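Rule-based calculations on the coordinates, nothing more; no lab input. Fair warning: this is a prediction, and the values are worked out from it, not measured in the lab. When we count neighbours, we look across all protein chains shown, and the Cβ atoms used for this are built from the backbone with ideal geometry, even at glycine.
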Amino acid sequence: MTPYGINRKTVVITGASGGFGSELCKILINEHGCRVIGIGRSREKFEELSQSLGDRKNKFRYVLFDVSVRENWQRFAKKLEKKDIIPDLLINNAGIMPPFEKFEDEDGETAKSVMDVNFMSVVYGCEAMIPLLLRSAEGGIVNVASSAAFSPVVGIAIYSASKGAVKNFTQSLCEEMRGRLYIGCVFPGFSETGLFRDSRLTEEDLSFIGGLGTDKAEIAAAIVRGIANGRKLIVCGKDSQMMTALSSVAPSSANALYTKVLTESGLEMFRRLK
Ligand SMILES: NC(=O)c1ccc[n+]([C@@H]2O[C@H](COP(=O)([O-])OP(=O)(O)OC[C@H]3O[C@@H](n4cnc5c(N)ncnc54)[C@H](OP(=O)(O)O)[C@@H]3O)[C@@H](O)[C@H]2O)c1
């Protein structure tokens, strides 16, 4: 494992307007002197983040675009090139999660949008940015998957599939780019963020996620530590550590256990899974 020199890098982060993304921006700018270019769709959330950076807000800029559209990435890469900006690190973090529901109750449109945002955006981002990242003295890509990539979760079959695709894509890319780019993949567990905004959570659901999960700032700090250590697989959050360990020795039992814990929890968010 070769450490990755994160200090003072120019970092592009997707989904930087909220959740893990905005926490990553704060840590990279405040603690590592990085310049960050955030990508997302909400100007309002970006303005708020920018204000929270105080004196250091000049280290942050944002670009608004939908990461699931290939042309947007091509345009973004051209713009960077035109301005002579050489990014060092790309963190593909943007993602969405539909409400917990059995696959048979979902429609094909939901599946397509989840795959487009969670997986195809990663492919398009890597495609557009690799030529620029290769110009950096220490280029790298970090893709955010989920513990669901190791241990698929009942009620979010397509989300789990999209994260499995991110994991396998990233691991293949890592071998292909060996010695030329640092490539890492992140596997966070549950954390209370905007990801569950469509899940119509009750107070009880939120406290379940809070109890099982890890604070978003802690997850972001673990991601940055993992990058600085040059880790290829960055597992963060206590539930993720447990599930990934169990899944690697007994995948079917891990899956059955996770399903039991969620469906027997009696929580509103998992009610439709029985
Ligand atoms: N929270 C968890 O429990 C958990 C667990 C495992 C993995 N993850 C993964 O961690 C990553 C970050 O999620 P989070 O928990 O921080 O969720 P979040 O708070 O909802 O943040 C996701 C960000 O992605 C952006 N985004 C969504 N769709 C986009 C699109 N089409 N184009 C551009 N930006 C888009 C959103 O920005 P705008 O609103 O500005 O578009 C938002 O800021 C995701 O990949 C998620 O799957 C989360």
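Points worth noting:
- Sole residue being of a type in the set (Ser, Thr, Tyr), in contact with a Ser or Thr (Cβ under 6 Å, 6 or more places away or on another chain) and buried (at least 18 other Cβ atoms within 10 Å of the Cβ), chosen from SER22, SER68: SER68
- Among (1) out of contact with any Asp or Glu (no Cβ under 9 Å at 6 or more places or on another chain); (2) under 29 Å from ILE141 (Cβ atoms); (3) hydrophobic (A, V, I, L, M, F, W, C), the one test that ALA220 misses: (1)
- If only residues of the range 149-161 that are touching a residue at least 60 places away in the same chain (Cβ under 8 Å) and of a type in the set (Gly, Ala, Ser) are counted, the one that is farthest from SER240 (Cα to Cα) is GLY155.
- A count restricted to the range 172-205 and to residues that are away from the ligand (no atom under 11 Å from the Cβ) and over 15 Å from the mean Cα position of the chain (by Cα) stands at 17.
- Within the range 87-103, one or more residues are crowded, with 20+ Cβ neighbours inside 10 Å, small (Gly, Ala, Ser) and either free of Cβ contacts under 8 Å to residues at least 12 places away in the same chain or within 10 Å of the ligand (Cβ to nearest atom) (or both).
- Scanning the range 146-195 for residues that are surrounded by fewer than 19 Cβ atoms within 10 Å (Cβ to Cβ) and among the aromatic types (Phe, Trp, Tyr) yields a count of 1.
- Test: residue in the range 51-69 that is more than 10 Å from the ligand (Cβ to nearest atom) and closer than 30 Å to LEU262 by Cβ: no
- Test: residue in the range 105-117 that is part of a helix (DSSP H, G or I), more than 10 Å from the ligand (Cβ to nearest atom) and small (Gly, Ala, Ser): yes
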